[in-house]
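Worksheet: one structure, shown below.
A short reminder: the numbers here are calculations on the coordinates, not readings from a lab. Please read these numbers as outputs of a predicted model, since none were measured by experiment. Here Cβ is always computed from backbone atoms with ideal geometry, including for glycine, and neighbour counts include all displayed protein chains.
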Amino acid sequence: MFRAILLLTVAVALLLGSSSNATILDGPIVNPANGHQYILLGQASWTASEAEAVTLGGHLATVNDAAEDLWLYQTFAVPEERNLWIGLNDNAVEGTFVWVDGDLSPYRHWDSAEPNNHGLNGRDEDAVHIIGAGNSSQMWNDLSRNPDPIGTYQLPHGIVEIVPEPSTALLLASGLATLAVRRRQVGPRGTL
């Protein structure tokens, strides 16, 4: 049911158009470890990717542990050597990285000497991405939220994370429990 609602939301968003310029490439894909849904966006700035994530009912991904980090990397970065925007940023206070959805996860997986705020053309690096292009360790790097692609640099793809509403999960569990009770009462072929 939740997937149907999500697909309907995505379809409506596509029909109405979006000013964020981040296109949907894949998903939703469910991470079996946490039940969250993820959507891969096309290459865009962190700002545009987060705007699209909100339009889709989520935020850029919050990474809570090494297992989720590896799952995101293997699912979305490895196949095409993509860099992936996640929701970690220091937009509000330089050097204080927080998750865009307000999650308090302390998990970090910085590449060596990162974060360094050494942006191109003197820009602050306020957004974080998982390095997928040419990297075998899914390390993280800080980057400008709205970088100018130069040379062979690849603009990251956004990873949207949609966490099912507790009420949706409870409604689904309640419906499944009711169905199980009725099947026991009715019997295998509809007999009492």
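A few remarks follow.
- Distance between the 7 Å Cα→Cβ label points at Thr23 and Val98: 3.5 nm.
- Pairs of alpha carbons in the range 24-163 separated by more than 22 Å make up 28% of all such pairs.
- Arranged from fewest to most other beta-carbon atoms within 10 Å of their beta carbon, Ile131, Ile29, Ile24, Ile159 become Ile29, Ile24, Ile131, Ile159.
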